[in-house]
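Structure record follows, encoded as structure tokens.
The numbers here are math on the coordinates, done by the rules we state, and not lab data. Worth saying up front: this structure is predicted, and the values here are computed from it rather than measured. FYI the Cβ positions are ideal-geometry reconstructions off the backbone, even for glycines, and counts take in every protein chain you see.
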Amino acid sequence: MPNRFPKRYEVCGDHVVVSQELHRTLNILAGRFYSQMGYKHIEGFDYSSSLHPQEQLMYAFALEAAYLQQSTGALDD
């Protein structure tokens, strides 16, 4: 199976480049968001490939954080 990374996602009219390592981190963050909403996170679940809109939204939230970090470095402080 060919490597699917890096991937590019559009966020705020710009692009976020997601490596396999960043993808794993984004899924962890998406899982934390999901848990905070009262749902049960399943370890290793890939929110980016889910067909459920709420689970896709959790990955989109994580992408927003990655975009903010990549474009401004704001999460370094």
Q.
For a quick check: sort Ile28, Ile42 by the number of other beta carbons within 10 angstrom, fewest at the front.
A. Ile42, Ile28
**Q.** Dipole moment magnitude, nearest 20 debye, the chain about Cα centre, only Lys, Arg, Asp, Glu C-beta charged
**A.** 260
Q: Between Phe45 and Asp14, with labels modelled 7 Å along Cα→Cβ, what's the label distance in nm to one decimal, could you check?
A: 3.0
(Q) Taking 8 Å as the Cα distance limit and 6 or more residues as the minimum spacing, I'd like the relative contact order of the chain as a percentage. (A) 26
Q: Report ³J(HN,Hα) in whole Hz for each residue of the stretch 60-65, in order, from the Karplus equation J = 6.51 cos²θ - 1.76 cosθ + 1.60 where θ = phi - 60°; Gly and Pro get x.
A: 4, 4, 5, 5, 4, 5
(Q) Tell me the net charge near Arg24. Cut-off is 14 Å between Cβ atoms, Arg24 excluded, with +1 for each Lys or Arg and -1 for each Asp or Glu. (A) 0
Q. Once you list every other residue whose beta carbon is under 14 Å from the beta carbon of Asp46, what net charge do they have if Lys and Arg are +1 and Asp and Glu are -1?
A. +1
